[in-house]
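Below: the structure, in structure tokens.
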Amino acid sequence: MGQRKGVGYTDRLPIRRFQGQRWRRLSRALRRQGIQSAALRLYFVDAPETTLTYAERTREQSLHFGITLDETMKAGVKAKECVQALLQKPFVLRTLWASAAGRGRETRYYVLIEVNGKSLAEILASGGLARVKGVGHVLPSGEKSSSYVDRLMALEQEARAKRVGAWSTAAGDKKSTG
């Protein structure tokens, strides 16, 4: 991870607002990469699932938060609604075009998203709407992923202590499976 500051990331892709699959600037950027459509996955965090389509993943999330499957999916809906509301505002997307392999048919890429200068991963973790998990990479600022993960873990632990988001119904003595 000895990359220089910002090396490999796309230019900042300012997106005016979330409009389903109609992200004009993002669509143009994807087409420049030869990609017709893609799903995007945040680096560093994993929000709860909204359905049992991936039952094992939903079960893992349920164990992590110490909540039932139903509560996990309800937290997933809250996370989805939070993201949709935040992305109604202008935001910035950055990507390395690194493949985020998944079970779906659509190509997936890892991204970093900033809303009002704040990381979407941080917003979700501090709101108890995502667990710190997944792939990380040196940030465009040059910050090492290990430092950033430590910061995200602290935000997640704060959310857990405050019992917000998915943690609001968690059994107090359960340990996370991170």
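The values are calculated or read from the model by the stated rules, or taken from the named source; none is laboratory data. Treat the numbers as computed from the prediction; the structure is a model and nothing was measured. All Cβ positions, glycine included, derive from the backbone under ideal geometry; neighbour counts span all protein chains shown.
For this structure, a couple of remarks:
- Pair list, Cβ under 8 Å, 6 or more apart: the range 33-47 residue on the phi < 0 side of the Ramachandran plot and in a loop (DSSP other than H, G, I, E, B), other residue of a type outside the set (Asp, Glu) and at pLDDT below 65: Gln36/Leu30; Ser37/Gln21; Ser37/Leu30; Ala38/Leu30
- The listed residue being modelled with pLDDT under 90 and small (Gly, Ala, Ser), out of Ala101, Ala121, Ala125: Ala101
- Filter result for Ala171 (at pLDDT 95 or above, surrounded by fewer than 13 Cβ atoms within 10 Å (Cβ to Cβ) and not basic (Lys, Arg)): no
- Residues of the range 121-137 classified as farther than 18 Å from Arg41 by Cβ and surrounded by fewer than 22 Cβ atoms within 10 Å (Cβ to Cβ), total: 2
- Taking the criterion of being among the small types (Gly, Ala, Ser) and over 12 Å from Cys82 (Cα atoms), the residues of the range 126-140 that qualify are Ser126, Gly134, Gly136.
- Of all residues in the range 111-122, none satisfies the criterion of being basic (Lys, Arg) and assigned to a helix (DSSP H, G or I).
- Failed item in (1) touching a helix residue (DSSP H, G or I) at 6+ places or on another chain (Cβ under 7 Å); (2) hydroxyl-bearing (Ser, Thr, Tyr); (3) modelled with pLDDT of 90 or more, with Thr53 passing the rest: (1)
- Restricting attention to the range 123-161 and to residues that are assigned to a helix (DSSP H, G or I) and under 21 Å from Trp97 (Cα atoms), the residue that is farthest from the chain's Cα centre (by Cα) turns out to be Ser146.
- Unmet requirement for Leu63, which otherwise passes all of (1) without any contact (Cβ under 8 Å) to a residue 40 or more places away in the chain; (2) over 14 Å from Arg41 (Cβ atoms); (3) of a type in the set (A, V, I, L, M, F, W, C): (1)
- Scan of the range 138-152 for residues that are modelled with pLDDT of 90 or more, buried (at least 16 other Cβ atoms within 10 Å of the Cβ) and either more than 19 Å from Tyr110 (Cβ to Cβ) or touching a strand residue (DSSP E or B) at 6+ places or on another chain (Cβ under 8 Å) (or both), ordered by number: Val149, Leu152
- For the range 48-105, residues that are farther than 13 Å from Leu129 by Cβ and assigned to a helix (DSSP H, G or I) total 10.
- Residue pairs whose Cβ atoms lie under 8 Å apart, sitting 6 or more positions apart in sequence or on different chains, and linking a residue in the range 158-178 that is more than 19 Å from Asp70 (Cα to Cα) and among the small types (Gly, Ala, Ser) to a partner that is assigned to a loop (DSSP other than H, G, I, E, B) and modelled with pLDDT of 95 or more, are Ala159/Gly127; Ala159/Gly128.
- All of (1) in contact (Cβ under 8 Å) with a residue 12 or more places away in the chain; (2) surrounded by fewer than 19 Cβ atoms within 10 Å (Cβ to Cβ); (3) not charged (D, E, K, R) hold for Ala85 with one exception: (1).
- The listed residues are Thr107, Thr95, Thr51, Thr72, and the only one of them that is polar (S, T, N, Q), more than 24 Å from Tyr148 (Cα to Cα) and crowded, with 20+ Cβ neighbours inside 10 Å turns out to be Thr72.
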